[in-house]
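Okay, structure first, notes after.
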Amino acid sequence: MPKTVDKSFDRRANHLLRSLQLCGGCVPLHRLQFQFSDSVIQTLLDRELVQVQNTGRGFLLEIAEDF
């Protein structure tokens, strides 16, 4: 059973990366919190595939430059 959970989790992480690519590489973090769980976002941050940027008016989640 854990394998299906991992596959589902990986699908959601890949979906988030594709969504970021379609939005030009960055999107306001508050917009994603209702679509993706915090654990998916945190996993991508831990893998250094995305990064958070403070704009002074909010936070942007963007694809890491070296990705």
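Every number in this text was worked out from the coordinates using simple rules, so none of it is lab data. Source: prediction; values computed, not measured. Virtual Cβ from ideal backbone geometry, glycine too; neighbours counted across all protein chains shown.
The set of residues from the stretch 32-51 being exposed (fewer than 12 other Cβ atoms within 10 Å of the Cβ) and either within 13 Å of residue 63 (Cβ to Cβ) or touching a Cys at 6+ places or on another chain (Cβ under 9 Å) (or both) comprises 47, 48.
Filtered by the rule that a residue be more than 10 Å from the chain's Cα centre (by Cα) and either polar (S, T, N, Q) or assigned to a helix (DSSP H, G or I) (or both), the stretch 8-34 gives 8, 9, 10, 11, 21, 22, 30, 31. Can we say residue 22 is touching a helix residue (DSSP H, G or I) at 6+ places or on another chain (Cβ under 7 Å) and either closer than 24 Å to residue 6 by Cβ or of a type outside the set (Phe, Trp, Tyr) (or both)? It is false that residue 22 is touching a helix residue (DSSP H, G or I) at 6+ places or on another chain (Cβ under 7 Å) and either closer than 24 Å to residue 6 by Cβ or of a type outside the set (Phe, Trp, Tyr) (or both).
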